[in-house]
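Reviewing the structure listed below.
The values are calculated or read from the model by the stated rules, or taken from the named source; none is laboratory data. Computed from a prediction, not measured in an experiment: that's the story for all the values here. No Cβ is skipped: glycine too gets one built from the backbone with ideal geometry, and neighbour counts run over all protein chains shown. Only protein heavy atoms, including side chains, enter the accessible area calculation; ligands, DNA and RNA are left aside. Shrake-Rupley method; radii C 1.70, N 1.55, O 1.52, S 1.80 Å.
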Amino acid sequence: MSAGRLIFLNIRALAIAKVLTMAFGLVATAWTARHLGPEHYGFIGFGTAFIAYAALFVNLGLSTYAVREIARDRSQAKRIVDHVLTIRVLLAVLVGGLYALIVYALDKPFLVKAVLWVQIVQLFGQALIIDFYYQGTERMGVIAGREAGNAIVTMIATLALVRGPDDVVIAAGITALSVLFNALLVVVRYTREFGAPHPRFDLGAWRVMLTAAAPMAVSVFAWAIFSHLDTVMLGFMADKTQVGWYAASFKVLMLASTAGHIVMNSFLPQLASAYGDHERMRLRMHDYATTMLVVGALASAAGLTLAPEILMLFFGEAYAPAVNALRLLMAALGVIYLNMVLGNPLLVWHRQTGYMAVILTGGAINAGLNLWAIPRWGMEGSAAATLASELVCTAGMAWLHRRAVGQLYLGIAARAAACALLAVASWVLIEHLLPQAVPRHPLAVLAVGGTCMAMVYAAAVPLAGLVAVSRLRRLVGASA
């Protein structure tokens, strides 16, 4: 099977699952946010950000290391799976205990602590996730099934059990237990195909793996500063309602970046296997950059344009004050997609140390900007800090990436941005020409505006030379 066809099939599998995941996730998120209210939903946002840091110490970069090594030598897959699961389960026990003590010492109400404590279960779910095996062997359908199953279980449980602010601990527990449940299901599937994973205690092998994964672990931890530090710092420095508003905006950012993770996860095994062959690296990167930037430009532009309707439809009028923060995060989204293009391939090309240095620098800048901006502008200041630090980080990644392959894809980015601007302008013009009597219900605006922008964008992209329609037809036809 050709690399292009395999990548297309993996993207298709993940895309189908992500559509389902996003649909179910939006229902669960909207239901939770509306029934808990901004203040109690802020508890969930704070808890999600806080547990994310603990989860990083459970993984320690081992997933990225495992994908890289399995993609290059599949004969070592079983051994790597056994070692990674053993290390991560031991870490989950240790980190979970320390996390519980830290939460106990926090100067927070008991209800907030309860939300944080119940999420400890999620650490064990994260430890048992073996997506790295199926990503390294390019069987993305299994990953897609786990993610879709997680979203379905979470939605059903949320609709059944979350009824009001008093259910905030239940809402947190649903997310944590769903992660564990679906991780176990994939382990059962793996066991049926290859036999049960066995604990392996080999300190020499662990030292080799952890040494190679250490820069990745530091990089991922620093990246989490981008992703979660703003919410955590708001939780300490701003009122609970602002935290809830920002948590809703940040949830939209995470959902909008989903397509980028689909593309990235589908391409990384091929990028890893191309390492050492400069021409193959350049060819794979051109396809990867084109796909990622075409997706990212539309996602960012649509989020900026339709931010008020997104908040009103999914979270309700109580979250309307978050619109400016959401727009800033949607601007940051476009930079995040470019960052994924330039940065993530470095991890599978043995350039994790440089990646780590850039991410640490960006993380430190993000922390400093948040300390300065939150007291002055609250959640908008935090969102602006995220945008600024992403720009700094992307500049560093560009320098490293150019040294690796000698190209930066600025032409692709410019053409994708031009197509996105054209799509936005088309909808702005149509909306301006609509009679004032036409109702502006958020659902109608999202449906009509989103469809309009998507159609104009889809027509503009081939004309800009970003996508060869003939090649796309061959891929679709070959995989049908």
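Answer with yes or no whether residue 142 is in a helix (DSSP H, G or I) and more than 15 Å from residue 186 (Cα to Cα).
Working: in a helix (DSSP H, G or I): yes; more than 15 Å from residue 186 (Cα to Cα): no.
No; evaluated as a whole, the condition is false for this residue.
Counting just the residues of the stretch 351-381 that are assigned to a helix (DSSP H, G or I) and of a type in the set (D, E, K, R), which one comes out farthest from residue 214 (Cα to Cα)? Steps first, answer last, please.
Step one: of the stretch 351-381, the residues assigned to a helix (DSSP H, G or I) are 352-381.
Subsequent filtering for residues that are of a type in the set (D, E, K, R) retains 376, 380.
Details: 376: 37, 380: 34 Å.
Among those that are assigned to a helix (DSSP H, G or I) and of a type in the set (D, E, K, R), it is 376.
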Margin query: Anything in the stretch 304-320 that is at pLDDT below 90 and not in a helix (DSSP H, G or I)? List them, or say none.
Written below: 315, 316
Note to self: So residue 91 passes all but one of these: (1) assigned to a helix (DSSP H, G or I); (2) farther than 19 Å from residue 183 by Cα; (3) not β-branched (Val, Ile, Thr). Which condition number does it fail?
What the structure shows: (2)
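Any residue at all in the stretch 51-70 that's outside any helix (DSSP H, G or I) and open to solvent by less than 20 Å² (accessible area, probe 1.4 Å)? Give the steps one after another, and end with the answer.
Of the residues in the stretch 51-70, the ones outside any helix (DSSP H, G or I) are 60-61.
Going one step further and asking which of them are open to solvent by less than 20 Å² (accessible area, probe 1.4 Å), we end up with 61.
For the stretch 51-70, residues outside any helix (DSSP H, G or I) and open to solvent by less than 20 Å² (accessible area, probe 1.4 Å): present.
Restricting to the stretch 93-133, give me the number of residues that are among the β-branched types (Val, Ile, Thr) and out of contact with any Gly (no Cβ under 8 Å at 6 or more places or on another chain). Can you show your working first?
To start, the set of residues in the stretch 93-133 that are among the β-branched types (Val, Ile, Thr) comprises 93, 95, 102-103, 112, 115, 118, 120-121, 129-130.
Pick out the ones that are also out of contact with any Gly (no Cβ under 8 Å at 6 or more places or on another chain) and you get 93, 95, 102-103, 129-130.
Here the count works out to 6.
Taking only the stretch 118-143 into account, find how many residues are at positive phi and either modelled with pLDDT of 85 or more or surrounded by fewer than 16 Cβ atoms within 10 Å (Cβ to Cβ) (or both).
Start the filter on the stretch 118-143 by keeping residues that are at positive phi, which leaves 138.
This time we only want the ones that are either modelled with pLDDT of 85 or more or surrounded by fewer than 16 Cβ atoms within 10 Å (Cβ to Cβ) (or both), so: none.
So the answer is 0.
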Checklist line | Identity of the residue in the stretch 94-107, open to solvent by 40 Å² or more (accessible area, probe 1.4 Å) and part of a helix (DSSP H, G or I), that ends up nearest to residue 167 (Cα to Cα) | finding: 104
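Does residue 264 count as of a type outside the set (S, T, N, Q), crowded, with 19+ Cβ neighbours inside 10 Å and in a helix (DSSP H, G or I)?
Considered against the rule, which asks whether it is of a type outside the set (S, T, N, Q), crowded, with 19+ Cβ neighbours inside 10 Å and in a helix (DSSP H, G or I), residue 264 comes out as yes.
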Item checked: Some residue of the stretch 108-117 being assigned to a loop (DSSP other than H, G, I, E, B) and either free of Cβ contacts under 8 Å to residues at least 12 places away in the same chain or surrounded by fewer than 21 Cβ atoms within 10 Å (Cβ to Cβ) (or both) -> yes
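Looking for whichever is over 19 Å from the mean Cα position of the chain (by Cα), closer than 16 Å to residue 68 by Cβ and among the β-branched types (Val, Ile, Thr) here; the options are 353, 361. Which one fits?
Among 353, 361, only 353 is over 19 Å from the mean Cα position of the chain (by Cα), closer than 16 Å to residue 68 by Cβ and among the β-branched types (Val, Ile, Thr).
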Note to self: Just to be sure I understand the filter: pairs with C-beta atoms under 8 Å, separated by 6 or more residues or on different chains, first member in the stretch 11-23 and of a type in the set (Ser, Thr, Tyr) and modelled with pLDDT of 70 or more, second member assigned to a helix (DSSP H, G or I) and open to solvent by less than 60 Å² (accessible area, probe 1.4 Å). Which pairs pass?
What the structure shows: 21/147; 21/148; 21/150; 21/151; 21/258
Check: Is one or more of the residues making up the stretch 151-160 open to solvent by 50 Å² or more (accessible area, probe 1.4 Å), small (Gly, Ala, Ser) and assigned to a helix (DSSP H, G or I)?
Finding: yes
Margin query: So residue 170 ticks every box in (1) assigned to a helix (DSSP H, G or I); (2) surrounded by fewer than 18 Cβ atoms within 10 Å (Cβ to Cβ); (3) touching a residue at least 24 places away in the same chain (Cβ under 8 Å); (4) of a type outside the set (S, T, N, Q) but one. Which box is left unticked?
Written below: (3)
Check: Out of all the residues in the stretch 335-350, which are open to solvent by 10 Å² or more (accessible area, probe 1.4 Å) and outside any helix (DSSP H, G or I)?
Finding: 350
Next item on the list: Tell me which residues, restricted to the stretch 432-449, are open to solvent by 60 Å² or more (accessible area, probe 1.4 Å) and either within 30 Å of residue 367 (Cβ to Cβ) or in a helix (DSSP H, G or I) (or both).
Entry: 432, 433, 443, 448
Margin query: Can you say whether residue 377 is among the aromatic types (Phe, Trp, Tyr), out of contact with any Gly (no Cβ under 8 Å at 6 or more places or on another chain) and at pLDDT below 90, as far as the supplied structure shows?
Written below: yes
Item checked: Candidates 473, 402, filtered to the one that is more than 20 Å from residue 301 (Cα to Cα), open to solvent by 30 Å² or more (accessible area, probe 1.4 Å) and modelled with pLDDT under 90 -> 473
Item checked: Residue count, the stretch 301-336 (criterion: touching a Pro at 6+ places or on another chain (Cβ under 6 Å) and closer than 22 Å to residue 458 by Cβ) -> 1
